[in-house]
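Data first, discussion second: the structure below is written as structure tokens.
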Amino acid sequence: MLRRTLLGSALAAPIIAAAAPAFARRADPLAPLPLDRSTHARPEIARVTHVSLDLVADFDAKRLRGTARLNIVARPDAEQIVLDSDGLVIHAVRAGRRPTRFELGSRDEELGSALTIQLNGQRTIEIDYESAENASALQWLTPEQTASGKQFLFSQGQAILNRSWIPTQDSPGIRQTYDARIVVPDGLKAVMSAEMLTPNGRHAREGGRAFRFRMPQPIPPYLIAIAIGDLEHRAVGPRTGVYAEPSVVERGAYECADMERMMDVAESLYGPYRWGRYDVLILPPSFPYGGMENPRLTFLTPTFLAGDRSLVSLVAHELAHSWSGNLVTNAVWEDGWLNEGFTSYIEGRIGEALFGVEHARMAEALSWADIQTALGAVPADGQRLHWVGEVSANDNSSAITYDKGALFLRTIEGAIGRERLDQYLRSYFDRHAFQPMTTQAFLADFRDHVVRGDAALEERLKLDEWAFEPGIPSNAVEPVASGFDDIPGYVAHFVSGGPPAAAPWEAWNTMQRQRYLQTLPRELPAERLDALQRAFALNDIGNNEVLFDWLMLAMANRYQPAVPSVERFLTSMGRGKFVRPLYRALMGQGEWGQAIARPLYARARAGYHPIVQTAVDRIVTPA
Ligand code: BES
Ligand code: ZN
């Protein structure tokens, strides 16, 4: 046995090294990982390497039910493996083929329970189970909540929600390959963040249709994702396409027409796209995020469908995660900026390549303003890129993680030049492909490859201050966007009583309109808001980012004529970024706003995703 292993590896090693992709090259499968406080797993003892799901979607019971088979690597002396579970119903567990003992620990409010399984010397585990009741990662939609009038299911794993439907080690540092067989009711289609092996499904012995999937690249388990619905696919390029319900797919394909070019740009900057196809799935409006970078299949809110492609930076962002996040992944959620800050930077670069420098500068200027707002609102501890102290894996101030993170990289770019940064980032993604990353390791890597002992450069960069201190270091440069040059003048004109129609609203793009609305005084009398509404028909504007900026301003001023529009908006979609601040704005308006928010939320709540419900439950408190 020993001889065979030695001989086998001695002979096979050179061949494997030559032929294997980067992700297969990992030397030690139990290599130490940074401590992740968001998991019960003990990866230094035993680690999941592959998840194989065989599940039936039961829309009546709102459960996924079946078996998960796990492949494991473990220390020779390992007796148990610890998985994460949040409410999973476990029916039976086998080690190898034989029943084994398991124990579900007490439930931590945030982390869920440890699921500890006796290995009995085996390295495969089978778990017969069903997803949790009201699983936090799953939203089961009724026919009334979808465009097609058919039922729908989607999952959202990030940050630590997948443990409510998959019994595995739910830590971003523990990469796993996966495959799945998913049985769905007739007339529906399953899609996953994986290669689709059966585009039309097959007749299933359980009844309904079975779909098979395969993800051969090891991914952090928060990226395992599923959706089931009446889905149609439309290609927009050789490697790219859009899934959506039939009545949405046409609009989706129009909005996403630039996707293939975005991929080309990203590849030319950061190296090959490693995931095969890139499709997006446009979800029903209750999807709680703008987008989620599930590999091969980004999940998107339909609220980005503006009809004029003006909000496609969202797609650029999710695509960029194919490098920052999905290829090189934050090892722990405290380093979330390594995913989101890098991605926001790359999103900007893709936007610049597609739509020009002026477009990019405007996006940067809006982002700069968001940082300034956050610095005024967030306590010092919450202003660090690398979070310290008690932070939950699920909350972060996006202006810090996203915008300060991107500004850090733009500051480096300014200091060392674009060419050098591009070259570095390309090598960073190559060298760390399919591996976890920490802030410390990134800084060490950057120093090794770029700073290389140059004391003057080290001094200019202020790397540690950016990563570990609150605020914005003094080497940050405020972006100048000439497209915004005239806006302060129009704002001043309006403030001094001039008609808003003096502003070239029709000629402005989305970002200019946002800048105008965001820089108007926060306090305005009803008569001035009337003037804006009359000039630009803001209550009915189709662009949801602009609508949101308007409604925030209107609610802050208790502007009654915008209330029907707020009610329409908050009952027609459930994107957290829009929903949370609007309820907060209403609740902050005393009696007036609370009398709107409470009945409105009572009506709208059932349509929101569990994540958004939990957040808004804390905002809209009973009288
Ligand atoms: N990965 C995030 C979504 C996310 C973040 C889910 C944290 C769970 C926890 C995604 O890539 C994202 O950043 N989405 C943004 C859009 C983007 C253009 C800033 C969003 O949802 O608004
Ligand atoms: Zn992101």
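Just a few scattered comments:
- Helix 405-416 and the long axis of the chain differ in direction by around 90°, with both axes built from C-alpha atoms.
- Computing FRET efficiency as 1/(1 + (r/R0)^6) for residue 605 and residue 358, where r is the C-beta to C-beta distance and R0 is 56 Å, gives about 0.85.
- Farthest toward the positive end of the dipole of region 523-619, out of 559, 574, 537, is the Cα of 574, where the dipole comes from beta carbon charges about the Cα centre.
- Gap separating the Cα centres of region 204-270 and region 402-479, nearest whole Å: 32 Å
- Rounded FRET efficiency, nearest 0.05, which uses the C-beta distance separating residue 31 from residue 469 and R0 of 30 Å: 0.50
- Lys, Arg +1 and Asp, Glu -1 on Cβ, resulting dipole of the chain about Cα centre, debye, nearest 20: 1860 debye
- Note on the chain: antiparallel DSSP beta bridges, both residues inside, total approximately 80 percent of the bridges counted.
- Convex hull of Cα atoms in the chain, direction-averaged projection (nm²): 29.3 nm²
- In a DSSP loop and with at most 12 other Cβ atoms within 10 Å, the trypsin sites (Lys or Arg not before Pro) in region 489-567 are 522.
- A convex hull fitted around the alpha carbon atoms of region 523-619 yields 84 Å³ per residue.
- Extreme residue, positive dipole direction of the chain, given options 290, 373, 502 (C-beta unit charges): 290
- Computing FRET efficiency as 1/(1 + (r/R0)^6) for residue 239 and residue 49, where r is the C-beta to C-beta distance and R0 is 45 Å, gives about 0.95.
- Length-normalised contact order of region 523-619 in % [C-alpha pairs under 8 Å, at least 6 apart]: 25 percent
- Here the extension length gained between residue 110 and residue 444 equals 117.0 nm, from 0.36 nm per residue of separation less the Cα-Cα distance.
- With a 1.4 Å probe rolled over the protein heavy atoms of all chains, the accessible area of 420, 274 falls in the order 420, 274, largest first.
- Angle between the chain longest axis and helix 357-377 axis [Cα atoms, degrees, rounded to 10]: 90 degrees
- For region 420-568, relative contact order (Cα pairs under 8 Å, six or more residues apart, normalised by length) works out to 15 percent.
- Note: relative contact order over the chain, using C-alpha pairs below 8 Å and six or more positions apart, is 10 percent.
- Between helix 2-19 and the chain: long-axis angle, C-alpha atoms, 0 to 90°, nearest 10: 40 degrees
- For residue 305, the shell of other residues with beta-carbons less than 9 Å away shows a net charge of 0, using +1 for Lys and Arg and -1 for Asp and Glu.
The values are calculated or read from the model by the stated rules, or taken from the named source; none is laboratory data. Values in this document were obtained by computation on a predicted structure and should not be read as measured data. Don't worry about glycine lacking a Cβ; one is built from the backbone with ideal geometry, like all the others, and counts go over all protein chains shown. Accessible surface is based on the protein model in full, side chains and every heavy atom, while ligands, DNA and RNA are left aside. Shrake-Rupley method; radii C 1.70, N 1.55, O 1.52, S 1.80 Å.
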